[in-house]
1. Are there any chymotrypsin sites (Phe, Trp or Tyr not before Pro) in region 5-84 that are in a DSSP loop and have at most 16 other Cβ atoms within 10 Å? List them by number.
2. May I ask for the Rg/Rh ratio of region 1-137, computed from Cα atoms with Rh as the Kirkwood radius, given to two decimals?
3. Run through all the Cα pairs of region 108-160 and give the fraction in each 5 Å bin from 0, expressed as whole percent.
4. Residue 539 to residue 264: extension gain in nm, 0.36 nm per residue of separation minus the Cα-Cα distance?
5. Let me confirm the definition first: pairs of Lys residues in region 236-324, 8 or more apart or on different chains, C-alpha distance under 24 Å. How many are there?
6. What is the sum of charges, Lys and Arg at +1 and Asp and Glu at -1, for the other residues whose Cβ falls under 14 Å from the Cβ of residue 219?
7. Using a simple spin-label model with points 7 Å from Cα along the Cα→Cβ vector, what separation in nm is obtained for residue 634 and residue 498?
8. Along the Cα→Cβ direction, 7 angstrom out, place labels at residue 144 and residue 424. What is the inter-label distance in nm?
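Every number in this text was worked out from the coordinates using simple rules, so none of it is lab data. Remember, predicted model here, so these are calculated numbers, not experimental data. Here the Cβ positions follow ideal geometry from the backbone for every residue, glycine too, while neighbour counts run over all protein chains shown.
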Amino acid sequence: MKNCYYKLEYDKILQILSNYCKTDIGKDISLNLEPSNNILEVKHLQAETTEAVNLVSKLGTPPIYFLPNINIWIKHLESGIPLSAKALLEIGKTLKLSRELKTYFFDNKEIESNNFPILLDRFNLLYTNTQIENVIFKSIIDENTISDDASSNLSSLRRNRRKLEQDVKDKLNSIIHSSNYSKYIMESIVTIRNDRYVIPVKIEYKDNIKGFVHDISSSGSTVFIEPMTIFELNTKISNLKVEENLEIERILKNISTSLFPIYENIKEDTLIIGELDFIFAKATYSKNISGIEPHINQDKIINLYKARHPLIDESKVVPIDISLGKEYNSLVITGPNTGGKTVTLKTVGLLTLMAESGLHIPANENSSIFVFDKIFTSIGDEQSIQESLSTFSSHMLNIIEILNSFNENSLVLLDELGSGTDPVEGSSLAISILEYLYKKGCITLSTTHYPEIKNYALVTDGFENASCEFDIENLRPTYKLLIGIPGKSNAFAISKRLGLQDDILNRANKLLTKDHINIEELLKSIYDNKLQIEKEKDLIDKNLNQIEVLRSSLETDLSTHKQKEKEIIEKSKEEARQILLNAKSEANDIIKELNELPDSRDSLKQANNIRNKLNSSLKDYAPKLQETTSSNLNSEDIQIGMTVLVKSLNTKAIILSLPNKSNDVQLQIGNAKMTMNIKQLDKTKQDTIKNIPQKKNINLKAKNISSEINVIGQNVEEAIFVIDKYLDDCSIAKISPVRIVHGKGTGKLRSRYSYILKNTSTR
């Protein structure tokens, strides 16, 4: 696996990752990061990275900064050894960082901490001790300076020392500037030698000033003398310094003693901070490579969409789409040298390692990775000069090692399989190896130049060809991966473009076997068709992108339109209500007018006109009502005699006929009959006609209405009108029973009225 890391440049990824870390522990975790073959662990690590990315997007980068390794100081605490000012400062910085990190995560109103469960556990484990933290930073200014505020005794000692020092300086300055001594002085300055205040005296006058010589200049022309007059003061200063140092030792010991009970917590803090440093380094790296969390599948499938090699400049890298494990387990890639075959192998292998390590990968959403037990590679020139092995021998030793170690859950990456030996033997050996790996169930990605291998992949189940596109016109690779297309030979075309003579090319063509020519023609056809498909796909993708932009724009506008939509709906409801009121009012007027017609055959034409007016009016309103209302009735629901609600009138009616082809039915509404579409009706409780409101003054006609009507001699249309009018009047006048006398005829009148007379209580 270590060789695999090197070949796939996984170590370079770890180095980049470590550069984003601020702490030594974080860097160490990054540099020693290894992929996991446990799917649950991989999913957890990926979720961890995603949480960090989302948290940084909301809150910015956490306040993690450089912390030196304090393990040595922790060991001193474990042994009961008091710490130095430097050590205490470093521990104080650790406590301070722990507190700042907890504040960053828990005291920010921008997030709900429970939405980041993995990071929540980490931040919860951080230990803080504000009291000890404050003592450290109050007492220690830097590793060489203890604050006067560390203790009252230290403050007093230093105050006394500074007073004595000023007295000494004043006395020495009086000597230096005295007319009696000025000629003896080399320089008019007060200096320190052996921690005592002295003055510089010319060597020839050293005996003219009584005191102690503490030093001689390098030139020998100056001696540094402590005059006897300040000896006592200097001694007092020295004694105060000793007391001061003892007080400082006492202060540092006291602080160290306060740390003894909590050194385990501080030790744990350093680990947690290092882990958080590493986690947020993963987040930073993800953002820098435009990474995504891949789906981790259990189906031994690799699906990468627009995958990019993370070590190639993003502005130059050509994304690839690649799939393995679903329709085929072995993919054979062919194409010209430097065309991108090896980069494809490395991209698949490297992105798999990254995903298994919990790192996001540079690919599009919905990319999927399987967690392999192991990844094996045979990539690059394996020639060993020291071992006197040929390229082929070294290559085969590597493959043999793979064959002895892989299992069904392995990913095997083979570059230029079978190369370095006789083409016939090499291709046969390569096919045999690929076949063996396939039968054992592992996922294999290989590159080759041998046409025999791509022909084998073309006709064998479980295998698939791919090729790296080559631009013949410009004689350069495009680095675009084409799945399903074996790479075609470009030797002749390239040679021709470079200027090779036609007679040589023609002779070379004649030397080709017929089978090879046919295969090349087939490959060219497949290649050209694929290119056309790819162009069409690109056009579709472009259109889809435009659609996505429009969709996004529409979604943005949706919120703006919601209020307008609400207003429109409210307005429509009001209009519908007004339509209903108008329709009901007009219909009631028409019904009233119809009911008040005199019982005379001369009124036939007038009654017909009024009925038509009613039906026409309701039909006019129907389209408007259908815009704001809907019906719960279907044609299958309709039964003769059932009670329905006429939505336009907000009143009940009885159905007199089944729906026709237009879904129109005849209704009894109070004393009137009319035709309406079922869309204008709705379901209601099945009541009898007696529950429909009636006019109070309608019984005035009863005395003039007979209980029998005779229509013998009348045609069907005339009789229907007369009978309908008669039955309406009898219903209004509550005359029951009634008798209709008619001829035998066709039976049309009998079938029309028999059901109504049987099922209507007033008739």
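1. 65, 66
2. 1.02
3. Whole-percent P(r) values from 0 Å outward: 4, 16, 14, 13, 10, 8, 9, 9, 8, 5, 3, 1.
4. 92.8 nm
5. Total qualifying Lys-Lys pairs in region 236-324 comes to 8.
6. Overall, the nearby charge balance is -2.
7. Reported label-point gap for residue 634 and residue 498 is 7.4 nm.
8. 8.3 nm
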